[in-house]
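Let me begin by presenting the structure, written as structure tokens, before commenting on it.
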Amino acid sequence: MTKANRAIRCWIMPHWRVSETLPSELALFDLVIVDEASQSDLWALPALLRAKKLLIVGDNKQVSPAAIGVREVDVRQLYARFLRTLPFGDVLSPEKSIYELGSVMFAGDLVRLREHFRCVEPIIEFSNRLCYNGEIRCLRLASASERIAPPLVDVLVKDGVRDSGSAKINRPEAQAIVDEIKVLTLNPAFAKRTIGVVSLLGNEQSRHIFELLITQIGEEKIVQHQIRCGDAMTFQGREADIVFISMVAGAHILTALSTEMYEQRFNVAASRAKDRLYLYRSFRREDVKENDLRARLLDHFAAPLRRDPEKKGRERCESDFERAVFDRLASAGYRLTPQVPAAGYRIDLVVEGHSGRRLAIECDGDKYHTADTWLHDLNRQRSLERVGWTFWRCWGSSFLRDPDSCMADLFALLNTIGIEPIGALDIDFTDIVEYREVGQIRREQESAPPMVQTDGEVVPILSVPQSDSTEKLDANSASSPDLLKDELRDSVRFCFVDSPDDDAFVTIVDSESNPELGFINKDTPVARALLGAGIGQEPEALLPLGKRKIRVLKIHKPRPRLA
């Protein structure tokens, strides 16, 4: 490899591969590019040492490295021994990124990129206000074939509550997300859309949602829609057409999130969706403190864009010239929208056709478009043409003198680029948020289930839904505390053998499954495997992804409630 490496002009690899693959030679490459540098820690230094020139690409407003497993006392000792005399030693620590190091060492060479191409404007505007002082220019306006209306969906899960103890799981919220994904995957209009689910409070919720997806929609749909579940760090550098954010926390446990670490996570989570962003929450705006980042996210969904929400359709035209062109195009059957926002600018009229084809029309009235504004108009047009827009311009004096000739030229251009009169469609760019409520209102006394004493351990007792014909639970019906009986209604704590850290507590019933309350029907694959098993046994369950072994950890027998 020491001889062969120079035969390959460009190498692409993760940081940890650099030292084991390439010779330890300073300035080995003409240029080294560190991408996603805000996620790169000190392990990237060997790559930097091999550069004659260095390009660091990153964003300090995105998730930074986490010094997991590193003891602070060890860091202080190493710093005192080796870094105290270095000019930039304070940024050479496990929790600092290569981007932060570069921004200190090469502060004069910083180039800020302000153009955004992934999200539609109502989605990226939250990050724009939160982290970038409104400097981001959104250059993406979804075409008719890409557009999902509305782009923002705010969902209140009324019976949502986070599990008690240390578990960061909100089961009603998770099931509500899975139910919506089911709807999307069954709709042919979303057949080619990719889907992501981001948990804003650890990975437990995302793992739980993925397990529900496997059992309820199947592996085929997961692969078809490239469904990915994880936390903000999992999604950094990734995107999806549709993204679900699960807030996890319930109204009773709402510690304010306001530090830089959470700001980075919120920024990443809210900017992964290209065309639609769902927000699932189990609390209301009045439950959140003003300094909480969750309050800012809810405020964004309440008012994502600062525009006049009253004017629609033709009313949005700003001059008689625009209205005259609008009326002629509308009467000819074209689909058009006035005053369309794009890249921080506004286009007078946009005509849309099939397959995402569209034309920007600028009505240059002589009163507002003078020689003094011509340069600005030209720069604006060039910026938009660079991202794919095609323009047709017309002066007001030319239209006033011979409107028929001007419109004939416009119709000829529309025919040339393949935009046909496909019928009017009232596209309202102000209706960009949909608010929903799902689930039942949780009564205060239901938020904490009654506790019972079982085998020296205090655990919640889950009441089984019963009809008039169903006998009530007999506390002494199970004769053996170490064996799950086929007569059901025993509760069991178990884990999958290949995931021993993720245990679950369920009650097996002969009624309908209720995952939020921990009930699973006796005919589900997991229940069939558990029935008849004893503590410590490892029965196999036949799941959609294949067989998985289950380890029975504890069996709980219902007993009378404590006084």
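The values are calculated or read from the model by the stated rules, or taken from the named source; none is laboratory data. Quick caveat, the model's predicted, so the values are computed rather than measured. With ideal geometry, Cβ positions are generated from the backbone for all residues, glycine too; neighbour counts draw on all protein chains shown.
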Single residue of the range 102-133 satisfying the filter (in a loop (DSSP other than H, G, I, E, B) and under 15 Å from the mean Cα position of the chain (by Cα)) that is farthest from His300 (Cα to Cα): Arg118
Specify the residue that is modelled with the highest pLDDT; the eligible residues are those in the range 1-49 that are among the small types (Gly, Ala, Ser), assigned to a loop (DSSP other than H, G, I, E, B) and more than 22 Å from Glu95 (Cα to Cα). Ala27
Sort through Asp109, Asp59, Asp74, Asp90 and tell me the only one that's touching a Lys or Arg at 6+ places or on another chain (Cβ under 9 Å) and either surrounded by 11 or more Cβ atoms within 10 Å (Cβ to Cβ) or at pLDDT below 90 (or both). Asp90
Please state which of the following conditions Ser97 fails to meet, knowing it meets all the rest: (1) hydroxyl-bearing (Ser, Thr, Tyr); (2) surrounded by fewer than 17 Cβ atoms within 10 Å (Cβ to Cβ); (3) in contact with a Pro (Cβ under 6 Å, 6 or more places away or on another chain). (2)
Provide a single number: the residues in the range 12-48 that are of a type in the set (Gly, Ala, Ser) and surrounded by fewer than 19 Cβ atoms within 10 Å (Cβ to Cβ). 3
Given the criteria part of a helix (DSSP H, G or I) and farther than 30 Å from Val350 by Cβ, does Lys182 qualify? yes
Checked the range 512-555 for anything more than 14 Å from Thr215 (Cα to Cα), at pLDDT 70 or above and assigned to a loop (DSSP other than H, G, I, E, B); matches are Lys522, Leu531, Gly532, Ala533, Ile535, Gly536, Gln537, Glu538, Pro539
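Yes or no, residue by residue, for (1) assigned by TED's automatic domain parsing to the domain that holds Ile177; (2) out of contact with any Asp or Glu (no Cβ under 6 Å at 6 or more places or on another chain); (3) not polar (S, T, N, Q):
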residue: Glu263; (1), (2), (3): yes, yes, yes
residue: Arg272; (1), (2), (3): yes, no, yes
residue: Tyr278; (1), (2), (3): yes, yes, yes
residue: Arg281; (1), (2), (3): yes, yes, yes
residue: Lys289; (1), (2), (3): yes, yes, yes
residue: Glu322; (1), (2), (3): no, no, yes
residue: Pro338; (1), (2), (3): no, yes, yes
Here is a list of conditions, (1) part of a loop (DSSP other than H, G, I, E, B); (2) among the hydroxyl-bearing types (Ser, Thr, Tyr); (3) over 30 Å from Glu385 (Cβ atoms), and Tyr99 meets all of them except one; can you say which number that is? (1)
If I filter the range 237-251 down to residues being assigned to a loop (DSSP other than H, G, I, E, B) and modelled with pLDDT under 85, which single residue comes out as surrounded by the most Cβ atoms within 10 Å (Cβ to Cβ)? Ala251
Any residue at all in the range 28-35 that is in contact with a helix residue (DSSP H, G or I) (Cβ under 8 Å, 6 or more places away or on another chain), under 22 Å from Gly237 (Cβ atoms) and not assigned by TED's automatic domain parsing to the domain that holds Ile136? yes
Please find, among Phe411, Phe399, Phe391, the residue that is hydrophobic (A, V, I, L, M, F, W, C), over 19 Å from Cys317 (Cα atoms) and at pLDDT 75 or above. Phe411
Going residue by residue through the range 222-229, is there one that turns out to be buried (at least 18 other Cβ atoms within 10 Å of the Cβ), more than 30 Å from Glu36 (Cβ to Cβ) and not assigned by TED's automatic domain parsing to the domain that holds Pro338? no
Does the range 252-268 contain any residue that is assigned to a loop (DSSP other than H, G, I, E, B) and within 19 Å of the chain's Cα centre (by Cα)? yes
Close pairs from the range 277-304: first surrounded by 22 or more Cβ atoms within 10 Å (Cβ to Cβ), partner hydroxyl-bearing (Ser, Thr, Tyr), Cβ under 7 Å, at least 6 apart: Tyr280/Ser246
Top-ranked residue in the range 252-270 [being closer than 15 Å to Lys168 by Cβ and surrounded by fewer than 16 Cβ atoms within 10 Å (Cβ to Cβ); ranked as modelled with the highest pLDDT]: Thr255
